[in-house]
Structures are given as C-alpha cells and as structure tokens.
Amino acid sequence: MSSINYKTFNSRAKLMISGEYAVLRGALSLALPLQFGQKLTITEKEGTPSVIWKSMAHNDLWFYSELLLPDFQLVKTNNADLAQTLQKTLKTAKKLNPRFLTSRHLFQATSVMDFDPAWGIGSSSSFISNVAYWADCDPFILNNQLFNGSGTDIACARSMSPIIFELKGEKAEYRKANFYPPFSKQLHFIYLNRKQNTRESIQKMNLQNITSEEIQLISTITLEMEKAAELKTFQRLADEHEAILGGIIQEMPVKTRHFFDFDGSVKSLGGWGGDFIMVASAASEVYVRNYFNNKYLNIIFRYDEIVFDESSSALIG
C-alpha cells in the first residue's frame, strides 16, 4: 500500500501549580507545559476504510485498536475501555468537523508518549489536543464534550511557556505567565506513585461549596506566585494555597499527612492524593532526593528538567 498523506502533531504534558479544583469555578491557575509530551503520526493509505490506532509508551505497545469507517465499528483491541474512549473521541471530532475522515482510505495512527501514562500529567489532554489537530476542530470544545475538566491541560498542551488560565463560564482564557522563578533550582516535582483519577476526584466534590471569597483568595495567590521573587514568599503562598484548598475539599494537606518533617513546603498538584507534588526547599538537592528516596519515591525532577519554556534560555525544550 502506498502512502497518500503523512502528518505529525505534537502536544505537551502539564503540571498545574495553583487553582486545582477551584479553577472550575473561575479561579486563576498557574500551569506549566512540560518537556514531556505526546506525538501523533497519521499515515493515510489505500486500503479498507478504517483507523488502525497504536499507542506507544516506553517503546512498548500499550494500546491497539482497529475501527472500521465510517461508523467507527470496533474490530479489534487490547483494551475495551480505551477503545470506547477512542471511538467516542473520533465520533465527537467528526461531529465538530464533518469533513474529518471522509476519504475512503486506511488511516494508520501511531501515538508515542515520552512519559509514563500513569503519571497523571496529561496523557488524556495531549491525546485530545492531537486528535483536534488531526480533525481540525477546536480542542477546548472537543475536550468539553468528552470530559468535565477546566481545559487548563488543553491550553498547556499547546503552550510554549507557563500560563495563567481562567475559565469564564465555559470559555477558556489564558495568557503567557511572567513566571521566571530565580529560585527554580529549589523547586522539585515528585511522583507519589498513587495514580489519581482527576475526573473521579472532581465528581466526588461539590464545587458549589467553594465561596466567591475563596475563589478570589486562590486567584490572588496565583498572581502572587507568578511574580514571587524569593523562595520564602513562594513557600508561604504554596502553604496558604494548601490550607485554603484543604479546607474546601476537607482533606488534610499532603505534608501534614506524609511529609511533616520535611524541610520545606510541599504542595499537592492536580487531584489530591496522587500524581505529583511540588516541593520548595532551601535545602540542598541531595537532601531533597535522599528524603524522598528514603520513602521509596524515586521519580524526582528539578524544575529545569521538566518545565518547557521557550522564552527562558535556562530551560531546554
């Protein structure tokens, strides 16, 4: 079979530094696109009209599915749940752009992640963003019709630097953040190895319990984090954010629960209870790594190892 068309799309993973949960009620969020991401390659060929989808991680095939066009009938898969998500995503994209997948060809789609999908840093959002690129449709509308998130992760998927994100009604608005922390070497991101389903976490919460005063407080903290020039200031803001959000969702902050003797601030990121945490400490990197290694937490990144920012020469994308 000869190739008729060949396309590639790239979308980034993300970490949300502030505004988790509250962003859904309009609070400002500081979010970081990452050097990790997902690449989607589409090869269009002569053949039975279908989509053959492969998802790769760690150089291994972790998801495979064959869907017949035009109705996306499932022919074969190694994961029925993921195949259902793929079907729904492609069908929704086609509703948003009826010209999508109209040619009677075979489409080979290969998606390659350079991070572990269990990390919770955007395997779904980078997938949605890439499908939206392929289908030539609005990624925020596609995301809204599939999931109940804010869209912060979609914005990061396509951003080249940290952002300040705000949800106004159902409309996502964001701008480049002026976030160049001079204390970046004192910031580390650590995977807790307790995968958290953010959508399930959101569904368990009554977001209407968040008051307008709390939303304003979190937005103020976000803007102060953006311009913080000293580590102590940033630590104080991270601690305040943990206390406020802990009260809102009635959860004990992660430092109190697990890392009470750590020399520095510890902040939950994303769905509380799993995924990554951010630590801000004046102590040495050796101290940080040894402390968490002793708790069998070994996936640790410095800020400059994981954050993508094309406008900062200190970071390599």
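The values are calculated or read from the model by the stated rules, or taken from the named source; none is laboratory data. Since this is a predicted model, take the numbers as computed values, not measurements. Positions of Cβ are generated from backbone atoms using ideal geometry, with glycine treated the same way; all protein chains shown enter the neighbour counts.
Among the residues making up segment 274-306, those that are assigned to a strand (DSSP E or B), under 18 Å from the mean Cα position of the chain (by Cα) and either among the aliphatic types (A, V, I, L, M) or under 10 Å from F262 (Cβ atoms) (or both) are I277, M278, I300. Among the criteria (1) out of contact with any Ser or Thr (no Cβ under 7 Å at 6 or more places or on another chain); (2) closer than 21 Å to F183 by Cβ, the one V288 does not fulfil is (1).
Inspection of segment 80-102 identifies at least one residue that is modelled with pLDDT under 95 and within 21 Å of G47 (Cβ to Cβ). Can you name every residue in segment 184-209 that is crowded, with 17+ Cβ neighbours inside 10 Å, at pLDDT below 95 and in a helix (DSSP H, G or I)? T198, S201, I202 - these are the residues of segment 184-209 that are crowded, with 17+ Cβ neighbours inside 10 Å, at pLDDT below 95 and in a helix (DSSP H, G or I).
Return yes when K76 is touching a strand residue (DSSP E or B) at 6+ places or on another chain (Cβ under 8 Å), of a type in the set (D, E, K, R) and at pLDDT 95 or above and no when it is not. For K76, the condition - touching a strand residue (DSSP E or B) at 6+ places or on another chain (Cβ under 8 Å), of a type in the set (D, E, K, R) and at pLDDT 95 or above - is met. Restrict the check to segment 160-183 and report whether at least one residue is in a helix (DSSP H, G or I) and either in contact (Cβ under 8 Å) with a residue 40 or more places away in the chain or buried (at least 22 other Cβ atoms within 10 Å of the Cβ) (or both). No, segment 160-183 contains no residue that is in a helix (DSSP H, G or I) and either in contact (Cβ under 8 Å) with a residue 40 or more places away in the chain or buried (at least 22 other Cβ atoms within 10 Å of the Cβ) (or both). Only one of the listed residues (S111, S129) is closer than 30 Å to I17 by Cβ and in contact with a helix residue (DSSP H, G or I) (Cβ under 6 Å, 6 or more places away or on another chain). That residue is S129.
The listed residues are A228, A282, and the only one of them that is among the aliphatic types (A, V, I, L, M), surrounded by fewer than 16 Cβ atoms within 10 Å (Cβ to Cβ), touching a helix residue (DSSP H, G or I) at 6+ places or on another chain (Cβ under 7 Å) and closer than 18 Å to H188 by Cβ turns out to be A282. Restricting attention to segment 229-260 and to residues that are of a type in the set (D, E) and either in contact (Cβ under 8 Å) with a residue 60 or more places away in the chain or assigned to a helix (DSSP H, G or I) (or both), the residue that is farthest from R289 (Cα to Cα) turns out to be E240. Assessment of segment 140-158 against the conditions (in a strand (DSSP E or B) and either over 19 Å from E310 (Cβ atoms) or not aromatic (F, W, Y) (or both)) yields no matching residue. Filtering segment 147-159 to residues that are farther than 11 Å from K14 by Cα, touching a residue at least 40 places away in the same chain (Cβ under 8 Å) and either outside the structural domain of R25 (by TED's automatic domain parsing) or crowded, with 18+ Cβ neighbours inside 10 Å (or both) leaves F147, G149, S150.
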